[in-house]
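If you scroll down you'll find the structure; I have some questions about it.
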Amino acid sequence: AYVFQSHEEDDRKVRRREKNRVAAQRSRKKQTQKADKLHEEYESLEQENTSLRREIGKLTDEMKHLSEVLKDHEKICPLLHCTMNFVTVPRPDALASCLPR
């Protein structure tokens, strides 16, 4: 009976060890998948960040350009140089000369 019980305990230990090994494998696989997913997310966010920085650069350049265009236009704008502007309604022809064609 003693030998039988020892053999049974050995079987239980082997099964427990196998179960533990499988659980550890599963856990490592899950960690690896989580790390891979985080890495993919990081890469995606880096690309989006680069794209947004590029867009900021373009928009900043456009804003500078439009500010210069406005500044140049203000120098010659008849609506801004009319001394009676604050009293009278701008003439349609004067307004038309300020609008882009």
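The values are calculated or read from the model by the stated rules, or taken from the named source; none is laboratory data. For clarity, every value in this text was computed on a predicted model and none was experimentally measured. So basically every Cβ, Gly included, is an ideal-geometry build from the backbone, and we count neighbours across all protein chains shown. Note: areas computed on protein heavy atoms with side chains; ligands, DNA, RNA excluded. Shrake-Rupley method; radii C 1.70, N 1.55, O 1.52, S 1.80 Å.
For ASP10 and GLU74 in the same chain, what is the full-extension length gain: residue separation times 0.36 nm, less their Cα-Cα distance, in nm?
Fully extending the segment from ASP10 to GLU74 adds 13.6 nm.
In square angstrom, what is the accessible area per residue of region 1-80 with a 1.4 angstrom probe?
99 Å²
Oh, and also: If you stretched the chain out fully between GLN33 and ARG17, how much longer would it get, using 0.36 nm times the residue separation minus the C-alpha to C-alpha distance?
Working it through step by step, the gained length comes to 3.3 nm.
Take the Cβ-Cβ distance between GLU41 and LYS64 as r, set R0 to 35 Å, and report the resulting FRET efficiency rounded to the nearest 0.05.
Computed FRET efficiency for GLU41 and LYS64 comes out at 0.50.
What's the tally of Lys pairs in region 1-80 whose alpha-carbon atoms lie under 30 angstrom apart, where the two lysines are 8 or more places apart or on different chains?
Qualifying lysine pairs in region 1-80: 10.
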